[in-house]
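Have a look at the structure below, then the notes.
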């Protein structure tokens, strides 16, 4: 194609994609709503403290596998010869084709999932805050700290309480899934998971090995690069100290490194799609 991007042409491409895939997309939406409903009914029946702690786990534990499977589902079509030929022969540029996959499996999923979770949480918070508690339940709540009212999950404080590592893994999930689902033609779903865990383990070991060499301590540990580390106290082997990089340098390094990895993964996906078209 001579023209790299055309809004009109991309709109036609998106419309055709949604029409052709509407059955699959609606089925996925139904499964997601069902999973959120069932798990929401279970979780929001708990005490306010338990709901406050568990719903953040629900957000990631349900969101990650659903987003991963949906992304792989949308991209592995290009690993099937006949479907790949039909898609790659559409009158659109390579950039528009990879942008379509990114838009549907990335932005589209995030908007739908966050919207559904907001609705679920709004209903759940209203139920918990207006619930009539029995004396036995009130006694248990008092033992847990006496919290009777909870705030929506997406207010500032709750989001700040979520560990930074979870947001990092969330940001990397889509570009990683998209790139490696195009790199691996067969057994994509299990193989991408295996590759991800292998890279996480290698990265964790390499990061800690670097820390050992830099500090000369064999007990220092850190979950991710440029994050705070824990090291055994030289005065008491049963006590541990936290080692933190100065701010804002630590966050800047993490943002730069994370952004670079995300860009490289998306470039890999684009190059892989371009190779398929050739």
State yes or no: is residue 185 in a loop (DSSP other than H, G, I, E, B) and outside the structural domain of residue 29 (by TED's automatic domain parsing)? yes
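Would segment 191-212 turn up any residue that is surrounded by fewer than 11 Cβ atoms within 10 Å (Cβ to Cβ), modelled with pLDDT of 80 or more and over 24 Å from the mean Cα position of the chain (by Cα)?
In the first step, residues of segment 191-212 are kept if they are surrounded by fewer than 11 Cβ atoms within 10 Å (Cβ to Cβ); the result is 197-198, 201-202, 205, 209.
Retained after the next criterion (residues that are modelled with pLDDT of 80 or more): 197-198, 201-202, 205, 209.
When the remaining residues are screened for being over 24 Å from the mean Cα position of the chain (by Cα), the result is 209.
Looking through segment 191-212, at least one residue is surrounded by fewer than 11 Cβ atoms within 10 Å (Cβ to Cβ), modelled with pLDDT of 80 or more and over 24 Å from the mean Cα position of the chain (by Cα).
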Please specify each residue of segment 244-278 satisfying the condition of being closer than 19 Å to residue 165 by Cβ, touching a helix residue (DSSP H, G or I) at 6+ places or on another chain (Cβ under 8 Å) and modelled with pLDDT under 85. 244, 245, 254
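With the condition being modelled with pLDDT under 85, I'd like the helices (runs of 4 or more DSSP H) fully within segment 54-144 carrying at least 2 qualifying residues. Write out each step before concluding.
On the way: elements: 81-88, 94-102, 109-129, 135-143.
Here the list reads 81-88, 94-102.
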Checked pairs for segment 201-218, first assigned by TED's automatic domain parsing to the domain that holds residue 229, second in a helix (DSSP H, G or I), C-beta under 7 Å and 6 or more apart or across chains, list as 218/212
Being closer than 18 Å to residue 151 by Cα and within 19 Å of the chain's Cα centre (by Cα) is the filter here; which residues of segment 41-61 pass it? 53, 54, 55, 56, 57, 58, 59
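Just to be sure, is residue 32 assigned to a helix (DSSP H, G or I) and more than 30 Å from residue 149 (Cβ to Cβ)? Give the steps one after another, and end with the answer.
Numbers: assigned to a helix (DSSP H, G or I): yes; more than 30 Å from residue 149 (Cβ to Cβ): no.
For residue 32, the condition - assigned to a helix (DSSP H, G or I) and more than 30 Å from residue 149 (Cβ to Cβ) - is not met.
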Matching residues in segment 146-182 - criterion: being crowded, with 16+ Cβ neighbours inside 10 Å and over 22 Å from residue 252 (Cβ atoms): 150, 153, 158, 173, 174, 176, 177, 178, 179, 180, 181, 182
Any residue at all in segment 45-52 that's modelled with pLDDT under 95, surrounded by 14 or more Cβ atoms within 10 Å (Cβ to Cβ), within 23 Å of residue 173 (Cβ to Cβ) and not assigned by TED's automatic domain parsing to the domain that holds residue 183? no
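For the condition over 28 Å from residue 168 (Cβ atoms) and either part of a loop (DSSP other than H, G, I, E, B) or outside the structural domain of residue 122 (by TED's automatic domain parsing) (or both), what is the one hit in 38, 5?
Result: 5 is the single residue among 38, 5 that is over 28 Å from residue 168 (Cβ atoms) and either part of a loop (DSSP other than H, G, I, E, B) or outside the structural domain of residue 122 (by TED's automatic domain parsing) (or both).
Let's see how each residue does on (1) in contact (Cβ under 8 Å) with a residue 40 or more places away in the chain; (2) within 16 Å of residue 57 (Cβ to Cβ); (3) in contact with a strand residue (DSSP E or B) (Cβ under 7 Å, 6 or more places away or on another chain):
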{"residue": "118", "(1), (2), (3)": "no, no, no"}
{"residue": "122", "(1), (2), (3)": "no, no, no"}
{"residue": "128", "(1), (2), (3)": "yes, no, no"}
{"residue": "136", "(1), (2), (3)": "no, no, no"}
{"residue": "141", "(1), (2), (3)": "yes, no, no"}
{"residue": "148", "(1), (2), (3)": "yes, no, no"}
{"residue": "151", "(1), (2), (3)": "no, no, no"}
{"residue": "155", "(1), (2), (3)": "no, no, no"}
{"residue": "158", "(1), (2), (3)": "yes, yes, no"}
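The values are calculated or read from the model by the stated rules, or taken from the named source; none is laboratory data. Small disclaimer: the values here were computed from a predicted structure and weren't measured. Virtual Cβ from ideal backbone geometry, glycine too; neighbours counted across all protein chains shown.
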